[in-house]
1. Quick one: count up the residues across segment 46-71 that are modelled with pLDDT of 75 or more and either among the polar types (S, T, N, Q) or touching a strand residue (DSSP E or B) at 6+ places or on another chain (Cβ under 9 Å) (or both).
2. Which pairs do you get when a residue that is closer than 15 Å to Arg72 by Cβ, found in segment 34-51, comes within reach of a residue that is exposed (fewer than 11 other Cβ atoms within 10 Å of the Cβ) and modelled with pLDDT under 85, reach meaning Cβ atoms under 9 angstrom, with the pair 6+ apart or on two chains?
Amino acid sequence: MNSLQARLRLAIGAAVLSAVALSLLVGAYLVRRSLEQNAFGGLRRQVTLLANEEVHPPAGTFGQFLATQDERLSVLPRKQARLLLPERPTGRITINGRSVSP
């Protein structure tokens, strides 16, 4: 009889562990997908702001500043942007594991 109880406990433990593992995997997938959708949604809103001519304020000496409820976007003239950006690299740079020439 002990053998039957041991097998039953082992089966229940395996079922619990597999259920927890499956829940963690599905949860991680859903969180990742949600984060990606939010990031693309933010980019989509920024593109919509830039594409809509009626939303653009007149460009001042500091550039254009656009905003939604969630985000703020600044479009700077090249002269202003050069002050914020590093010098142009002369060699190859790596972005997300891909080598790119500037």
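The values are calculated or read from the model by the stated rules, or taken from the named source; none is laboratory data. Keep in mind that what you see is a predicted model, and the values were worked out from it rather than measured. Don't worry about glycine lacking a Cβ; one is built from the backbone with ideal geometry, like all the others, and counts go over all protein chains shown.
1. Restricting attention to segment 46-71, the residues satisfying the condition of being modelled with pLDDT of 75 or more are 46-48, 51.
Filter once more, so that each one left must be either among the polar types (S, T, N, Q) or touching a strand residue (DSSP E or B) at 6+ places or on another chain (Cβ under 9 Å) (or both): 46, 48.
Qualifying residue count for the region: 2.
2. Sorted first by the residue in segment 34-51, then by its partner, the pairs are Gly42/Asp70; Arg45/Asp70.
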